[in-house]
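*Asks:* Attaching a single structure in structure tokens format; questions to follow.
The values are calculated or read from the model by the stated rules, or taken from the named source; none is laboratory data. Predicted, not measured: the structure shown is a model, and the values here were computed from it. Ideal geometry is used to build each Cβ from the backbone, glycine not excepted, and the neighbour counts take in all protein chains shown.
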Amino acid sequence: MNAIEVRDLHKTYYGFLRRSKIEALKGVSVSVKQGEIFGLLGPNGAGKTTLIKILLGIAFADRGKALLLGRDSRDPRARLHVGYLPEDHQLPEYLKAWRALDFLAKLYGMHKRRSRVEELLQLVGIAERRNSKVKEFSKGMRQRLGIAQALLNNPKVLILDEPTANLDPLGRKDVKDLLLHLKDQGTTVFISSHVLTEIERVCDRVAILHKGQLLTEGTVDELTREKSLEDVFVELIRGAESLETV
Amino acid sequence: MNRALIFSAIIEDSWRESWARRASLVVSLIALALLLLFAFGVGVRLDEAQPDLVRVSLFGVELRVQTVFKATFADAVELVALGLLNPWGIFLGLFITIGLFSGMFVRGRIDLVLSKPIARWELYLARYLGGVVLVGVTTMLFCLGVWFLLWLKIRYTDLGLIWASLVLVFLFAVLYSFAALLALVTEGTGAALVATIVLWGLTEFAYARDILRPLSPILGSIADALYYLLPKTNDLEIVTARLIGAEQLLTEASSEVASVGFAFGTSGLFALVMLALGIFVFSRKDY
């Protein structure tokens, strides 16, 4: 069983009174094996976040199937062993850091939360600010807290949307190390990112999405045999755009 | 899944958010100020010759009416308390809780919650209940305070005000079910609040059906339809007045309730339909 299975996914967003429409996904199919780190690349508006949201039941597909650990993504039980870091997350600002994690842990139905919350605050390096309110945190600290909440349930599948946004180089290094550590533990990681070097370093397999269509998919070694990932990415996107122009 | 833990977590979060926004603090301070005003501003002296009568003073100045019956004094105090709670308390409650409700559905925040293994109906219902609990507890504490002060001042023990406060919480819950649906659809608080006040006004308009029917059959039919479809706000107000034993203070025409069961039944049904609609819309909404 694959950790993530997406088959022929279609999604169109409509404007007011259906006067305008944006085809966010046009028949995307992707599968991610268990224990793999999978990178989803694409320029802004490629459909990466839409794909992730459909996987998590935050948005709904018009057509196609999305499975998480073999369960339909619309089933809340599919998210029992899944952790998620949204791109622009807003943790409850009025709560202290530890209480924000405690609240989100309760939503997993977790009973023994205190030790897990403490462990994660230590892991992301903000344990000394456990009693500070989220609104007092810098962007980087919020991102660290966001990563901590994604790990609350010790997930089998971790979905990260731009995990290194707002982080300084040290923070980025910490995230990279954390991802490799999670991979060693057998966690499946699905990352969406703009930072190609980041993806190249940690991912086993990569897919490039552009305007709702998958341009390519393969292992990092396969894609970077002759060129760097950045070159492959730019070439594919420009090629797709010139085809559209024609 | 442990539903009780999830529900209690979301209800507790509503509570914490309202305190953080200072909304609950302001409401609690207003309630406390009113209770202190009653405690220290209204003096009551028992008439030694006739134990059923009391002399009332406001800030040390005795009222012109030399003595009143204990029960009349208690009815008047309870009626003032109910008059403050309905409509002002309910309006304030709606203003605060609609903001709390729509705050949960902001993009970025809703993503975090929806990515957890909870069903959308659970989230919607728990957030709705959070608002009802918040207003319910505040209302109950205020009424308990008034009741306790009445007991201290005149040894009044009737629990009518406490029961009446439960009816007001029910009335709030009915209106809030509509406000929550509007807050979800419009993704804001302003339109939801205005629409809820308009609905409240329409429920009062529907009571004029007997007057409207002879004037205009169409208006009469509209008022009739509204009467059967909308919550019975006026009937519930009369029920609260009856519970505190103050129906004699209402005019004869306004003290008629078609049926208490009908008033509660149709109002409750309205709330259930609004909640079901809200859950239906929320379960299909993309974020």
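*Asks:* Among the residues of segment B:1-26, which ones are assigned to a helix (DSSP H, G or I), out of contact with any Lys or Arg (no Cβ under 7 Å at 6 or more places or on another chain) and either over 30 Å from A:L101 (Cα atoms) or of a type in the set (S, T, N, Q) (or both)? Outline the logic, then answer.
*Replies:* Within segment B:1-26, the first condition is being assigned to a helix (DSSP H, G or I), and the residues that meet it are B:3-20, B:23-26.
Next, only the ones that are out of contact with any Lys or Arg (no Cβ under 7 Å at 6 or more places or on another chain) stay: B:3-4, B:7-8, B:11-13, B:15-20, B:23-26.
Hits for segment B:1-26 are B:S8, B:S18, B:S24.
*Asks:* In addition: Identify all residues within segment A:129-177 that are surrounded by 19 or more Cβ atoms within 10 Å (Cβ to Cβ), part of a helix (DSSP H, G or I) and not assigned by TED's automatic domain parsing to the domain that holds A:M110; write none if there are none.
*Replies:* Those that are surrounded by 19 or more Cβ atoms within 10 Å (Cβ to Cβ), part of a helix (DSSP H, G or I) and not assigned by TED's automatic domain parsing to the domain that holds A:M110: A:G171, A:V175.
*Asks:* Six or more apart or on different chains, Cβ under 9 Å: which pairs go from a residue in segment A:166-177 that's touching a residue at least 24 places away in the same chain (Cβ under 8 Å) to one that's of a type in the set (S, T, Y)? Could you list them?
*Replies:* Matching pairs, first to second residue: A:N166/A:S138; A:G171/A:T164; A:R172/A:T164; A:V175/A:T164; A:K176/A:T164.
*Asks:* Across segment A:212-238, which residue is farthest from A:T49 (Cα to Cα) among those that are touching a residue at least 12 places away in the same chain (Cβ under 8 Å) and among the acidic types (D, E)?
*Replies:* A:E230
*Asks:* What do you reckon, is B:R127 surrounded by 19 or more Cβ atoms within 10 Å (Cβ to Cβ), touching a Phe, Trp or Tyr at 6+ places or on another chain (Cβ under 9 Å) and within 14 Å of chain A (Cβ to nearest Cβ)? Break it down into steps so the answer makes sense when it comes.
*Replies:* Working: surrounded by 19 or more Cβ atoms within 10 Å (Cβ to Cβ): yes; touching a Phe, Trp or Tyr at 6+ places or on another chain (Cβ under 9 Å): yes; within 14 Å of chain A (Cβ to nearest Cβ): yes.
It is true that B:R127 is surrounded by 19 or more Cβ atoms within 10 Å (Cβ to Cβ), touching a Phe, Trp or Tyr at 6+ places or on another chain (Cβ under 9 Å) and within 14 Å of chain A (Cβ to nearest Cβ).
*Asks:* Is it the case that A:A46 is closer than 12 Å to A:K211 by Cβ, touching a residue at least 60 places away in the same chain (Cβ under 8 Å) and of a type in the set (G, A, S)? Spell out the reasoning first.
*Replies:* Values: closer than 12 Å to A:K211 by Cβ: yes; touching a residue at least 60 places away in the same chain (Cβ under 8 Å): yes; of a type in the set (G, A, S): yes.
For A:A46, the condition - closer than 12 Å to A:K211 by Cβ, touching a residue at least 60 places away in the same chain (Cβ under 8 Å) and of a type in the set (G, A, S) - is met.
*Asks:* Which condition number does B:A4 fail, the rest of (1) small (G, A, S); (2) surrounded by 15 or more Cβ atoms within 10 Å (Cβ to Cβ); (3) within 14 Å of chain A (Cβ to nearest Cβ) being met?
*Replies:* Evaluating B:A4 over (1) small (G, A, S); (2) surrounded by 15 or more Cβ atoms within 10 Å (Cβ to Cβ); (3) within 14 Å of chain A (Cβ to nearest Cβ) leaves (2) as the failure.
*Asks:* Can you tell me how many residues in segment B:155-214 are of a type outside the set (A, V, I, L, M), over 18 Å from the mean Cα position of the chain (by Cα) and part of a helix (DSSP H, G or I)? Explain how you work it out, then say what you get.
*Replies:* So the first thing to find is which residues in segment B:155-214 are of a type outside the set (A, V, I, L, M), and the list is B:155-158, B:160, B:163, B:165, B:170, B:172, B:176-178, B:186-190, B:196, B:200-201, B:203-205, B:207, B:209-210, B:213-214.
If we keep only those that are over 18 Å from the mean Cα position of the chain (by Cα) too, we end up with B:155-158, B:186-190, B:205, B:207, B:209-210, B:213-214.
Narrowing the set further to residues that are part of a helix (DSSP H, G or I) leaves B:186, B:190, B:205, B:209-210, B:213-214.
Of the residues in that region, 7 qualify.
*Asks:* Here is a further query. Checking B:G220 against (1) in contact with a Leu (Cβ under 6 Å, 6 or more places away or on another chain); (2) part of a loop (DSSP other than H, G, I, E, B); (3) free of Cβ contacts under 8 Å to residues at least 24 places away in the same chain, which single condition isn't satisfied?
*Replies:* In the conditions (1) in contact with a Leu (Cβ under 6 Å, 6 or more places away or on another chain); (2) part of a loop (DSSP other than H, G, I, E, B); (3) free of Cβ contacts under 8 Å to residues at least 24 places away in the same chain, B:G220 misses (2) alone.
*Asks:* If we scan segment A:169-181, do we find a residue that is more than 22 Å from A:Q90 (Cβ to Cβ) and of a type in the set (V, I, T)?
*Replies:* no
*Asks:* Residues that are within 14 Å of another protein chain (Cβ to nearest Cβ) and farther than 30 Å from B:E204 by Cβ: which helices (runs of 4 or more DSSP H) entirely in segment B:27-123 hold 3 or more of them? Give the steps one after another, and end with the answer.
*Replies:* Details: elements: B:70-83, B:90-104, B:109-114.
Filter on segment B:27-123 gives B:109-114.
*Asks:* A follow-up question, please. For residues that are in a loop (DSSP other than H, G, I, E, B) and aliphatic (A, V, I, L, M), scanning just segment A:187-246, find the one that is farthest from the chain's Cα centre (by Cα). Working first, answer last.
*Replies:* If we filter segment A:187-246 for residues that are in a loop (DSSP other than H, G, I, E, B), which is where we start, we get A:187, A:194-195, A:203-204, A:211-212, A:224-228, A:246.
Next cut, aliphatic (A, V, I, L, M) only: A:195, A:246.
Numbers: A:V195: 13, A:V246: 34 Å.
The extreme case among them is A:V246.
*Asks:* Please find, within segment B:10-25, the residue that is farthest from A:K133 (Cα to Cα) out of those that are at the interface with chain A (Cβ under 9 Å from one of its Cβ atoms) and crowded, with 21+ Cβ neighbours inside 10 Å.
*Replies:* In the first step, residues of segment B:10-25 are kept if they are at the interface with chain A (Cβ under 9 Å from one of its Cβ atoms); the result is B:10, B:12-13, B:16-17, B:19-21.
Still in the running and crowded, with 21+ Cβ neighbours inside 10 Å: B:10, B:13, B:17.
Details: B:I10: 18, B:D13: 14, B:E17: 12 Å.
Within segment B:10-25, the match that is farthest from A:K133 (Cα to Cα) is B:I10.
*Asks:* Looking at A:L151, A:L167 in this structure, which one is under 15 Å from the mean Cα position of the chain (by Cα) and of a type in the set (A, V, I, L, M, F, W, C)? Give the derivation first.
*Replies:* Details: A:L167 fails: under 15 Å from the mean Cα position of the chain (by Cα).
None of the others qualify; the one that does is A:L151.
*Asks:* Picking from B:V137, B:V169, which residue would you name as being exposed (fewer than 14 other Cβ atoms within 10 Å of the Cβ), closer than 15 Å to B:T97 by Cβ and free of Cβ contacts under 8 Å to residues at least 60 places away in the same chain? Spell out how you get there, then give the answer.
*Replies:* Values: B:V169 fails: exposed (fewer than 14 other Cβ atoms within 10 Å of the Cβ).
Every option except B:V137 fails the conditions.
*Asks:* Just one of B:V137, B:V169 is under 20 Å from B:R21 (Cα atoms) and either of a type in the set (F, W, Y) or more than 14 Å from chain A (Cβ to nearest Cβ) (or both); which is it?
*Replies:* Values: B:V169 fails: under 20 Å from B:R21 (Cα atoms).
None of the other options fit; the residue is B:V137.
*Asks:* Then there's this: Residues that are more than 9 Å from every other protein chain (Cβ to nearest Cβ) and out of contact with any Phe, Trp or Tyr (no Cβ under 7 Å at 6 or more places or on another chain), at least 2 per element: which strands (runs of 3 or more DSSP E) completely within segment A:23-126 meet that? Quick ask: steps written out before the conclusion?
*Replies:* On the way: elements: A:37-41, A:63-68, A:82-85.
Qualifying strands (runs of 3 or more DSSP E): A:37-41, A:63-68.
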